[in-house]
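My questions all concern the structure below.
The values are calculated or read from the model by the stated rules, or taken from the named source; none is laboratory data. This structure is a prediction, so every number in the text was calculated from the model and none was measured. As a convention, Cβ positions derive from the backbone with ideal geometry for all residues, glycine included, and neighbour counts pool all protein chains shown.
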Number of protein chains: 2
Amino acid sequence: MQKRINRLIEGQADKKERKKTLQELRLKLLRSQLALSEAAEIPVVIMVTGQVGSGRGETVNLLNKWLENRGMETHAFGPPNDEERARPPMWRYWRSLPPAGRIGIYVNGWYGEAVIDRVQGLIGPAVLETRVEEVREFEKTLAAEGALILKFWYRISRERQAERLHQLESDPVNRWRVNELSWLRHEQFDAIDETAHQVVEATDSAWAPWHVLEGGHPERQTLQTAAIILDRMQDRLRGRREEVESARAPVKCRPARDPQTLEALDLTQTLDKTTYHEELTRWQDRLSQLVRDPVFRRDYAVVAVFEGHDAAGKGGSIHRVTAALDARHYRVISVAAPTDEERAQPWIWRFWRQLPSHGRMTIFDRSWYGRVLVERVEGFAERTDWRRAYGEINHFEQNLLRSNIILAKFWLAIDADEQLARFQARAETPWKAHKLTEEDWRNRERWDDYQAAINDMLRYTDTTAAPWHVIEANDKRFARVKVIKRLCAAIEGAMESGG
Amino acid sequence: MQKRINRLIEGQADKKERKKTLQELRLKLLRSQLALSEAAEIPVVIMVTGQVGSGRGETVNLLNKWLENRGMETHAFGPPNDEERARPPMWRYWRSLPPAGRIGIYVNGWYGEAVIDRVQGLIGPAVLETRVEEVREFEKTLAAEGALILKFWYRISRERQAERLHQLESDPVNRWRVNELSWLRHEQFDAIDETAHQVVEATDSAWAPWHVLEGGHPERQTLQTAAIILDRMQDRLRGRREEVESARAPVKCRPARDPQTLEALDLTQTLDKTTYHEELTRWQDRLSQLVRDPVFRRDYAVVAVFEGHDAAGKGGSIHRVTAALDARHYRVISVAAPTDEERAQPWIWRFWRQLPSHGRMTIFDRSWYGRVLVERVEGFAERTDWRRAYGEINHFEQNLLRSNIILAKFWLAIDADEQLARFQARAETPWKAHKLTEEDWRNRERWDDYQAAINDMLRYTDTTAAPWHVIEANDKRFARVKVIKRLCAAIEGAMESGG
């Protein structure tokens with residue numbers, strides 16, 4: 001096919017051959033799309049990017065004409081709106097991802113914003129580098145989770161760009177595509193070209209490679225694009241998959257203190273009833289003040305994660321936190337099995353969709369750490385997948401931190417004896433009996449496997465910026481006060497260093 | 001149970017009896033919740049409302065303590081944010097609904113905003129009436145779709161309110177709940193009481209009844225509330241369901257012209273190629289101008305609906321519309337089978353979630369009209385359900401219209417001969433063959449049933465404000481130009497009358 005497309009592009013084909021080749025290309029593309037749709041396992045991400053006038057629009061139009069529209073969606077992004085600005089920059093791209101079996105076509109996608117922000121001087125080189133790193137990690141996760149990623153960059157010269165803009169302006173159907181902004185971008189040509197080149201180089205990878213084509217010649221570049229898409233779709237249909245950088249020993253993003261371990265905990269700490277009530281009231285009062293601080297309301301958000309052994313008291317601790325909050329300002333997300341919309345996306349997608357906007361708190365009763373705990377221990381996730389998750393989690397959390405989302409991660413630790421006592425108490429308390437399931441007993445048999453998984457989790461995800469608060473929870477009163485105290489400290493710390 | 005609760009409330013029970021009754025109430029409530037959760041058929045909506053200091057917070061806290069938190073979510077709403085303001089007022093409430101099997105607890109919910117807006121003078125009596133009507137229709141749809149709706153209004157006197165506010169202020173744990181706004185609401189007591197009373201009366205129905213309780217006495221009202229919730233949950237578990245106002249002959253909201261029928265169409269109209277290209281270019285140009293108008297960008301949105309016989313040319317018409325649009329400003333939603341998240345909600349929920357914000361266009365390739373077309377003809381929906389849908393659709397569309405969402409509904413009509421010719425052409429065109437399925441042939445056998453359903457749809461949902469544009473589509477060129485012309489006229493008309 002590739003050879004015959006080349007004949008077309010080089011003008012070696014006569015009209016008849018041309019027609020035949022085009023029809024065949026179209027048909028093969030469509031059949032590949034339908035086969036991928038049928039299998040419903042692989043989402044396809046097609047990134048079409050280049051400078052103004054490089055012919056992105058025409059290419060997207062042809063893809064829209066040739067492919068089955070009911071299995072795809074085209075995305076282009078303007079400046080972020082309020083909801084988007086209150087979240088990490090990648091949030092809106094996560095939200096837009098095609099589910100498995102569908103195609104998402106992106107005009108500039110997550111590349112446009114970063115490049116233009118840099119050229120306009122809205123961000124410096126360091127922030128650009130961070131954005132690029134976020135994009136790399138994003139694409140790596142998509143690819144590792146099975147996505148087929150195709151990225152096209154249509155290069156164009158400054159002269160050809162001017163020519164194209166004049167052409168478009170004189171075409172009644174397309175003249176609206178050219179406006180003042182287009183000519184501003186023309187003036188910025190060199191800066192955009194240089195920045196884009198940097199970004200393209202830095203985000204080129206085996207699993208999300210750039211295809212750099214000569215732009216400004218819509219018909220030719222569209223054919224080349226279509227041929228490449230066909231090629232890579234067919235590869236995937238034949239089971240050939242780009243290798244994603246293998247998960248070596250998971251890399252910790254920033255070294256924290258010496259690793260915490262469950263074994264080092266002093267679980268004998270307790271709090272008497274009177275002190276408990278005094279302290280609880282004091283810290284609830286403090287928390288309620290902190291989250292009503294105008295600076296917090298405007299610029300910050302909190303994501304609080306509650307993990308712990310079964311019966312460690314997560315629910316009770318969450319209650320003591322929410323008692324200090326206005327119902328308008330928080331949500332509690334109880335993490336259960338993913339829905340089918342969530343299963344058709346990368347595993348971490350369902351947590352991205354729940355991020356709070358400024359002034360709000362989202363409390364996770366169990367969280368993305370399930371990936372390296374229950375999914376690891378029970379074998380729901382492959383070894384390579386859960387090993388990869390440590391890095392994905394750290395990057396996810398960095399995205400939050402960079403957007404002023406304060407992270408407070410609590411591990412509620414009890415020992416095996418205490419757990420047994422609580423299981424028995426649950427069994428005997430009528431309104432708690434339903435909380436005790438077969439699964440709890442099964443998990444308990446795997447206590448040691450869980451301890452190993454927890455210690456690994458602490459080793460790899462206890463970062464300076466997003467530390468684990470390991471809470472000695474054999475005594476419920478002690479645990480509840482410590483949780484809320486640490487939560488206050490986390491909010492205060494973030495706001496002090498941020499201001 | 002009710003009798004024993006009364007003994008408690010009236011102070012006739014000793015400590016031991018009291019404890020026993022409370023434990024039993026708690027346990028029965030929990031078991032009902034778990035049974036409803038297990039069945040996963042009924043969503044439960046609990047509305048807790050009343051003036052400041054009436055004890056809503058305490059009641060919600062107890063429900064949160066007694067019920068299984070993993071099966072419920074508590075919602076309270078502040079002033080709408082940007083995303084919400086750009087949609088109909090009911091949009092954010094639709095988004096928050098509990099799926100089947102879960103409980104949503106609402107503090108003031110969709111009642112708070114309307115009452116306070118009215119008291120503040122932000123809306124007049126006519127708008128309040130409209131809001132009340134929207135709420136009635138909303139609750140009616142929820143109930144008809146199976147939701148259990150419990151609404152509590154805690155009445156309190158002005159004097160008791162003052163007492164309660166002082167009490168709360170002197171309690172270190174709760175003092176944050178009282179602020180300047182609370183005292184402002186206290187000053188507005190009479191106005192709020194009167195407006196709320198009106199709204200409560202107007203929204204009381206068999207399927208969403210108000211339970212008016214004496215407020216300001218948290219413990220007592222909470223027990224009464226819990227007992228009522230238990231009662232009504234148990235009723236539903238026993239299969240007893242509140243009757244929802246029966247769908248009589250569907251009511252048309254506003255009479256349009258004489259009913260349009262398919263039989264009256266002149267399908268012989270055509271357009272020659274030259275005129276077609278001239279006209280298409282002209283109207284695409286016009287459309288691209290309209291949607292870039294700053295007034296449109298700021299205050300309006302478009303929802304365009306494409307329905308029609310199989311092979312009527314919906315996809316081709318949509319292409320000619322989107323060719324004139326910037327990819328940043330529109331989305332095409334191809335309506336397929338609902339996902340499981342959608343199936344756990346009222347049928348129309350999945351369309352609510354797709355509404356555009358200002359300056360944008362959402363194009364539906366098939367739509368909510370499937371309810372009264374394919375679902376009716378194929379028997380996927382019960383007769384009472386699809387008959388009820390005409391009214392639900394009209395109300396849904398009114399919600400959109402009132403928020404400056406311009407509705408353009410296109411029915412692309414072809415006759416049976418033309419359809420057959422197109423089916424045959426599809427079968428013979430390699431890249432169209434996949435569009436022709438067994439289902440198309442099956443639908444074709446039911447041509448007459450569909451004609452009847454379509455004529456009913458035109459009769460009941462062709463309203464002055466949201467008219468159907470029935471497009472003669474035997475000639476594709478004629479149809480495409482007419483669609484885009486009508487779309488332009490709809491946008492112009494709305495903006496002229498709106499300005």
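One residue is enough: does the range B:171-189 have a residue meeting the conditions closer than 21 Å to A:H329 by Cβ, at pLDDT 95 or above, in the same structural domain as B:E58 (by TED's automatic domain parsing) and among the charged types (D, E, K, R)?
yes
Tell me which residues, restricted to the range B:282-306, are within 13 Å of another protein chain (Cβ to nearest Cβ) and in a strand (DSSP E or B).
Across the range B:282-306, the qualifying residue is only B:F306.
Name every residue in the range B:45-60 that is closer than 22 Å to A:Q354 by Cβ and either within 12 Å of chain A (Cβ to nearest Cβ) or surrounded by fewer than 18 Cβ atoms within 10 Å (Cβ to Cβ) (or both), in order of residue number.
Result: B:V60, single match.
Right, next: Can you give me the number of residues within the range A:155-210 that are within 14 Å of chain B (Cβ to nearest Cβ), assigned to a helix (DSSP H, G or I) and within 14 Å of A:R56 (Cβ to Cβ)?
Number satisfying all stated conditions: 3.
If a residue has to be surrounded by 19 or more Cβ atoms within 10 Å (Cβ to Cβ) and within 24 Å of A:R320 (Cβ to Cβ) to count, how many in the range A:437-456 make the cut?
The qualifying residues number 1.
Further, regarding this structure: As an exercise: evaluate B:T464 against (1) of a type outside the set (D, E, K, R); (2) within 28 Å of B:S403 (Cβ to Cβ); (3) in a helix (DSSP H, G or I) and give the number of the one condition it does not meet.
All conditions are met except number (3).
A follow-up question, please. Name the residues in the range A:217-243 that are in contact with a strand residue (DSSP E or B) (Cβ under 7 Å, 6 or more places away or on another chain) and within 26 Å of A:E163 (Cα to Cα), would you?
Listed by number, the residues that qualify are A:Q221, A:Q224, A:T225.
Got a sec? Which strands (runs of 3 or more DSSP E) wholly within the range A:319-435 have at least 1 residues that are surrounded by 17 or more Cβ atoms within 10 Å (Cβ to Cβ) and at the interface with chain B (Cβ under 10 Å from one of its Cβ atoms)?
Here the list reads A:330-334, A:361-365.
Restricting to the range A:307-318, what's the tally of residues that are of a type outside the set (V, I, T) and not in a loop (DSSP other than H, G, I, E, B)?
So the count comes out to 6.
Restricting the range B:132-161 to residues that are farther than 30 Å from B:G239 by Cβ and in contact with a Gly (Cβ under 8 Å, 6 or more places away or on another chain), which is surrounded by the fewest Cβ atoms within 10 Å (Cβ to Cβ)?
B:S157
Taking the range A:20-44 on its own, how many of its residues are touching a helix residue (DSSP H, G or I) at 6+ places or on another chain (Cβ under 7 Å), more than 9 Å from every other protein chain (Cβ to nearest Cβ) and within 30 Å of A:W347 (Cα to Cα)?
Residues that pass the stated criteria total 7.
Condition check ((1) under 30 Å from the mean Cα position of the chain (by Cα); (2) assigned by TED's automatic domain parsing to the domain that holds B:N399; (3) of a type outside the set (A, V, I, L, M, F, W, C)) across all residues:
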| residue | (1), (2), (3) |
| --- | --- |
| B:T268 | no, yes, yes |
| B:E279 | no, yes, yes |
| B:W283 | no, yes, no |
| B:R292 | yes, yes, yes |
| B:R298 | yes, yes, yes |
| B:A301 | yes, yes, no |
| B:A304 | yes, yes, no |
| B:K314 | yes, yes, yes |
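To continue, here is another question. Of the numbered conditions (1) at the interface with another protein chain (Cβ under 8 Å from one of its Cβ atoms); (2) not in a loop (DSSP other than H, G, I, E, B), A:E17 satisfies every one except a single condition; which is it?
Answer for A:E17: the failing condition is (1).
Yes or no, residue by residue, for (1) surrounded by 20 or more Cβ atoms within 10 Å (Cβ to Cβ); (2) under 17 Å from B:W153 (Cα atoms); (3) among the acidic types (D, E):
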{"site": "B:Q198", "(1), (2), (3)": "no, yes, no"}
{"site": "B:T203", "(1), (2), (3)": "yes, yes, no"}
{"site": "B:A206", "(1), (2), (3)": "no, yes, no"}
{"site": "B:H211", "(1), (2), (3)": "no, yes, no"}
{"site": "B:Q221", "(1), (2), (3)": "yes, yes, no"}
{"site": "B:Q224", "(1), (2), (3)": "yes, yes, no"}
{"site": "B:L237", "(1), (2), (3)": "no, no, no"}
{"site": "B:V244", "(1), (2), (3)": "yes, no, no"}
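Would you mind telling me which numbered condition in (1) within 11 Å of chain B (Cβ to nearest Cβ); (2) outside any loop (DSSP other than H, G, I, E, B); (3) under 27 Å from the mean Cα position of the chain (by Cα) A:L63 fails?
Every condition holds for A:L63 apart from (1).
Only residues that are within 13 Å of B:P43 (Cα to Cα), aliphatic (A, V, I, L, M) and not in a loop (DSSP other than H, G, I, E, B): list them for the range B:85-144, please.
B:I103, B:I105, B:L142, B:A143, B:A144
Please give the number of the condition B:W94 fails out of (1) away from chain A (no Cβ under 14 Å); (2) among the hydrophobic types (A, V, I, L, M, F, W, C); (3) closer than 19 Å to B:L230 by Cα.
(3)
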